[in-house]
Protein chains: 4
Amino acid sequence: MPRPIDPTLRRARRLQIIDAGLTAFARHGYAGATTAQICRIAGVGSGTFFHHFPTKNALLVAILELGAEETRDFFASQDQATPPREVLLGYVDHAVADLTDPRAASFITMVGGLTSNADIRAALQADEGTTRSRVRDVVTAAQRQRQIRADMTPDRLTVWIMLLIDGFASRVAGGDFDAGAEAPLLREQVELLLDGPPAPDLTP
Amino acid sequence: MPRPIDPTLRRARRLQIIDAGLTAFARHGYAGATTAQICRIAGVGSGTFFHHFPTKNALLVAILELGAEETRDFFASQDQATPPREVLLGYVDHAVADLTDPRAASFITMVGGLTSNADIRAALQADEGTTRSRVRDVVTAAQRQRQIRADMTPDRLTVWIMLLIDGFASRVAGGDFDAGAEAPLLREQVELLLDGPPAPDLTP
Amino acid sequence: MPRPIDPTLRRARRLQIIDAGLTAFARHGYAGATTAQICRIAGVGSGTFFHHFPTKNALLVAILELGAEETRDFFASQDQATPPREVLLGYVDHAVADLTDPRAASFITMVGGLTSNADIRAALQADEGTTRSRVRDVVTAAQRQRQIRADMTPDRLTVWIMLLIDGFASRVAGGDFDAGAEAPLLREQVELLLDGPPAPDLTP
Amino acid sequence: MPRPIDPTLRRARRLQIIDAGLTAFARHGYAGATTAQICRIAGVGSGTFFHHFPTKNALLVAILELGAEETRDFFASQDQATPPREVLLGYVDHAVADLTDPRAASFITMVGGLTSNADIRAALQADEGTTRSRVRDVVTAAQRQRQIRADMTPDRLTVWIMLLIDGFASRVAGGDFDAGAEAPLLREQVELLLDGPPAPDLTP
DNA sequence: CATGAATGAGGGTTCATTCAT
DNA sequence: TATGAATGAACCCTCATTCAT
């Protein structure tokens, strides 16, 4: 007899473990988090963990991929008619919304420091690459429509937008910051970046 | 037998190990770096390591304290006559200069994700506190002298300055960034922050 | 609900798993082979495996018993009229024929090193005992009929015959040997054993 | 201050662990023996084990290499004047002497069944190769001096000598055999092999 | 003071076995 | 009956730390 196994259940277990991993990684860093902790948080046995993820590494990669997917979804769901500048600011809001979960902030911050392992590095770059290429496309469009400054390459502007978000995440992770309350200032800061410094007053 | 040990030598060994620790922590994260690696990099035996630092923890704390001391030195060496606004921008430059060492960038980024251990957390907060109180004092002075915007509390402005530096560090650590080349834009962005958005054009 | 299960089918499944076990045990040794490997080779799920064998141990025992049964069958099928010496040499040929399957050679070799587990040891001894008692009976008969040397006890001769077969298996397992090509030499060697060294030439 | 560490001590510890490994491997097979058992037998902590051998694999390899070295030593210490035939029989005696230690017999038997791991396989082949090349050289010399049969290639004769020793080991390991008591018969059987079957009696 | 051998708790991972479907 | 998800004991190995030399 074949197996009437509900794939939804499997998916759910996977997400349960992914969520636990997010918590543990955010709390203790990657190397500092133990699979035992993750299992305890997820409420599963160690065997179950490795039934779903071949290694601890793979769990991290899965988390990153989930994040990349979310990013892709965000950009895919944007109305083509929305002005690119609005899309960029919308992305910032979207990112901030994620950072409302302090675990996400810590996770993002700690993930930045991961360089030792090869396949983690690869996954990180893939994740970054996803975001960056999406953002850069919108930046390029916005420049073409003269909605933002044109004196910086799209790539550079993209990196700076991500810089602001990273810095924001870092502060949220540090706990000296309420993501919600500071969101408007982040938006403002991004707009200042997109507009560039005001032209010097040349009135005689 | 007396100990004619040259305290200079001892200090040198200490710094040698501290430097190795910086390298290893930056490369593998705190938990990921092993004392064996650190010893190898420093060129000392494990026994020597534990002669100078009772604990791996203690090494991290020492590195943080060294950083805090540098920060104190920076502010202590400032000419009282320098306008506070200039001091702030000078601090940003100072921070960027540190980040030219990619190890420093990685270290700072990864240190942000450390929350599990009690005495590390304490050392981190002490380090942060040092910087923050120094910066806040200067911010306060600058506001009093109307050199920067006054619509944000000194604390909030301080955090945001540090946010920009953290974001910068994160991007340097990520490798998509040349600290030297991007420094001017960081300065510009800090100035935009300090000035606030330009008043809307009210000319009739 | 009745169980109209075809016992033939069940027997087939059993053999399928037994065959997979032979392969896996030969390839990785008993402890080194995993039930997962065996299941994969047999093309069944782990649940099915444990439906047929309560234990990995039990599978090994079953394989051994199958071998013992084959041995019993061989001797049972011998024509009573055949001279015992011929039966012995026939048994050697029979054993070599089995060893043409390199899995069998590896299996036999590795099984020799199994001493830790109690019920495995018991099964091994039972298997051995079967062969040994059958061979010994024939040896005894051959001695009585003066077809082979009489200066060794039947038991000792039996062990030495098995020694030659074991050594042969070991070399086949090692891969430096083609069972078919070397079979005649094994036969010759057994005959030398059965005859003993030639009487010294006493001719004046 | 440098280290006055006695390298003899290190060597002794190594041998202590090697001996424990021999015991454990012989008793439970390679995969079946646990590093914990080995440590217990050797009377050292697990850390010490891995201080001396990077892996369990490496321990097995070390044991094999020790054996190969012994074999080399045996042949190196042979007087050049000894007739090659005597050297061969001397080697057989030497091998039997080793097999007096039942652990050695079990170890040799179980090692024959190891094929899964790459570097173990390599070490095994190196070990085998050592013995085989030494034996073959002597066989060749003996043939040249017409001390043994010439109707088999040196390689083939070599393999058959090793076959007899392997079979002997297997029976010692099985416990149905006293190595010392059976040694003469092994010698006899080897001689039968070296001489070949007696020429058929052609006297009319 | 410097060294590295020794330690053992703990970490990631494997695997025989159970059981709901 | 057949399946494979779930389990946790046990495994191999790592690593911070201790201590005799």
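The values are calculated or read from the model by the stated rules, or taken from the named source; none is laboratory data. Quantities reported herein were computed from a predicted structural model and do not represent experimental measurements. Virtual Cβ from ideal backbone geometry, glycine too; neighbours counted across all protein chains shown. With ligands, DNA and RNA removed, areas are computed over all heavy atoms of the protein, side chains included. Shrake-Rupley method; radii C 1.70, N 1.55, O 1.52, S 1.80 Å.
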Exactly one of B:Val139, B:Val111, B:Val44, B:Val87 is within 16 Å of DNA strand F (Cβ to nearest atom) and out of contact with any Phe, Trp or Tyr (no Cβ under 6 Å at 6 or more places or on another chain), and that one is B:Val44
Can you find a residue that is among the aliphatic types (A, V, I, L, M), free of Cβ contacts under 8 Å to residues at least 24 places away in the same chain and surrounded by 15 or more Cβ atoms within 10 Å (Cβ to Cβ) anywhere in the range C:190-203? yes
Here the residues within the range A:1-60 that are open to solvent by 90 Å² or more (accessible area, probe 1.4 Å), assigned to a helix (DSSP H, G or I) and hydrophobic (A, V, I, L, M, F, W, C) are A:Leu9, A:Phe50
Just one listed residue, out of B:Gly167, B:Gly112, is small (Gly, Ala, Ser) and either more than 27 Å from B:Lys56 (Cβ to Cβ) or in contact (Cβ under 8 Å) with a residue 60 or more places away in the chain (or both), and it is B:Gly167
Meets criteria (touching a Lys or Arg at 6+ places or on another chain (Cβ under 6 Å), within 15 Å of DNA strand E (Cβ to nearest atom) and within 23 Å of D:Ala118 (Cβ to Cβ)) for D:His28:
no
### Residue in the range C:91-109 that is surrounded by fewer than 17 Cβ atoms within 10 Å (Cβ to Cβ), more than 24 Å from D:Arg156 (Cβ to Cβ) and among the small types (Gly, Ala, Ser) present
no
message = Tell me yes or no: at least one residue of the range B:53-69 is more than 16 Å from DNA strand E (Cβ to nearest atom), free of Cβ contacts under 8 Å to residues at least 40 places away in the same chain and under 27 Å from B:Ala97 (Cα atoms).
response = yes
Within the range D:123-140, the residues that are open to solvent by 30 Å² or more (accessible area, probe 1.4 Å) and over 20 Å from D:Ile108 (Cβ atoms) are D:Asp137, D:Thr140
Condition set within 16 Å of DNA strand F (Cβ to nearest atom) and more than 14 Å from every other protein chain (Cβ to nearest Cβ), scope the range C:54-84, selection nearest to C:Arg146 (Cα to Cα): answer is C:Ala62
Worksheet item: Residue check: is D:Gly90 farther than 27 Å from C:Ala31 by Cβ, under 16 Å from the mean Cα position of the chain (by Cα) and away from DNA strand E (no atom under 15 Å from the Cβ)?
Response: yes
Residue count, the range A:71-90, condition assigned to a helix (DSSP H, G or I) and farther than 14 Å from A:Val135 by Cβ, comes to 1
Of the residues in the range B:110-122, those that are surrounded by 17 or more Cβ atoms within 10 Å (Cβ to Cβ) and either at pLDDT 90 or above or outside any helix (DSSP H, G or I) (or both) number 4
Being within 13 Å of chain D (Cβ to nearest Cβ), more than 15 Å from the chain's Cα centre (by Cα) and open to solvent by less than 20 Å² (accessible area, probe 1.4 Å): is that true of C:Leu186 here? yes
Taking the range B:141-178 and the residues there that are open to solvent by 40 Å² or more (accessible area, probe 1.4 Å), farther than 21 Å from B:Gly113 by Cβ and assigned to a helix (DSSP H, G or I), the one that is farthest from the other protein chains (Cβ to nearest Cβ) would be B:Arg144
